[in-house]
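Comments concern the structure below.
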Amino acid sequence: MNLYLRYFDKEILVTKVDDAIAFLADIDDIGMNPVLEKDIRDYAASDVLYPKRYKIRPRVYFIIIKTEAANMQDFKEKKAVHPDGSSASKAVSPAVMKLNEERFGWYEGTIDFKRVQMVPGTGKFQYRDCHFVANVKANSGLDCYNRIVDHLLQRVDSRSQFPSAKGKNFKFQFLGTVKE
């Protein structure tokens with residue numbers, strides 16, 4: 001696995017971690033130290049395929065990306081950034097895969113969201129965690145989510161925040177088909 005590193009307009013594609021550390025050590029702003037070196041070596045040795053971002057100072061970072069690209073041109077053309085059958089594709093939960101599966105019937109949808117409520121006495125507003133469960137007649141898990149959010153939007157402050165249907169704060173379960 002090769003490593004792509006970038007700090008502003010300085011970039012490199014290396015095959016060894018030692019080359020990456022040498023590249024970073026040559027940049028004065030980064031200030032290479034044993035802790036940073038160990039973290040970079042651990043990242044390179046891990047199975048994690050996500051890019052890693054290191055903070056230098058406020059709003060200034062350098063990034064490291066694992067890639068199978070053999071040279072910089074292949075990397076720039078987005079060839080072999082992630083190998084086929086990567087662990088990232090295996091990490092998708094079964095619920096997310098079933099979210100769009102068409103299956104008309106009753107669903108139990110559970111959503112945890114941030115509701116805006118007024119604090120009595122002060123007149124100020126604050127976010128409160130709310131848990132909502134509903135049985136919904138829907139075509140899919142995503143349709144269940146949309147119907148629940150539409151229902152809540154009519155009954156809570158419009159500044160309330162709802163999670164993504166793909167996130168951990170929305171769950172659904174198919175209860176059964178609708179008898180007509």
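The values are calculated or read from the model by the stated rules, or taken from the named source; none is laboratory data. Worth saying up front: this structure is predicted, and the values here are computed from it rather than measured. When we count neighbours, we look across all protein chains shown, and the Cβ atoms used for this are built from the backbone with ideal geometry, even at glycine. The area values use the complete protein model at the heavy-atom level, side chains included, leaving out ligands, DNA and RNA. Shrake-Rupley method; radii C 1.70, N 1.55, O 1.52, S 1.80 Å.
Could I have the simple spin-label model distance between Val48 and Arg128, label points 7 Å from Cα toward Cβ, reported in nm to one decimal?
About 3.7 nm, to one decimal.
I'd like the Karplus ³J(HN,Hα) series for the range 28-43: coefficients 6.51, -1.76, 1.60, θ = phi - 60°, whole numbers in Hz, and an x wherever there's a Gly or Pro.
In residue order, the calculated couplings are 4, 4, 6, x, 4, 9, x, 5, 5, 4, 5, 5, 5, 5, 5, 4 Hz.
Please tell me which of these pairs span more than 26 angstrom C-alpha to C-alpha: Lys55/Lys114; Lys52/Lys76; Lys10/Lys78? Don't jump to the answer; show the numbers that get you there.
Details: Lys55/Lys114 30 Å; Lys52/Lys76 18 Å; Lys10/Lys78 19 Å.
Long pairs (Cα-Cα over 26 Å): Lys55/Lys114.
Of the accessible area of the chain, with the probe set at 1.4 angstrom, what percent is carbon plus sulfur? Each step should come with its number before you reach the end.
Values: 6040 of 12050 Å².
Carbon with sulfur: 50 percent of the solvent-accessible area.
If N is the number of residues in the chain, what value comes out of its Cα radius of gyration divided by 2.2 N^0.38 Å?
Numbers: Rg = 23.7 Å, N = 180, 2.2 N^0.38 = 15.8 Å.
Relative to the 2.2 N^0.38 Å estimate, the chain comes out at 1.50.
Would you mind checking which residues have amide H under 5 Å from Ser140's amide H? H placed 1.01 Å from N; only 5 or more apart, or other chain.
Arg103
Taking the Cα centre of each part, how many Å lie between the range 36-57 and the range 136-180?
Between the Cα centre of the range 36-57 and that of the range 136-180, the gap is 38 Å.
Determine the per residue accessible area of the range 125-180 with all protein chains present and a 1.4 angstrom probe, expressed in square angstrom.
Working: 3860 Å² over 56 residues.
That works out to 69 Å² for each residue.
Please work out the average accessible area per residue across the range 1-66, using the 1.4 Å probe convention, and give it in Å².
Working: 4150 Å² over 66 residues.
Ligands and nucleic acids excluded, the figure is 63 Å² per residue.
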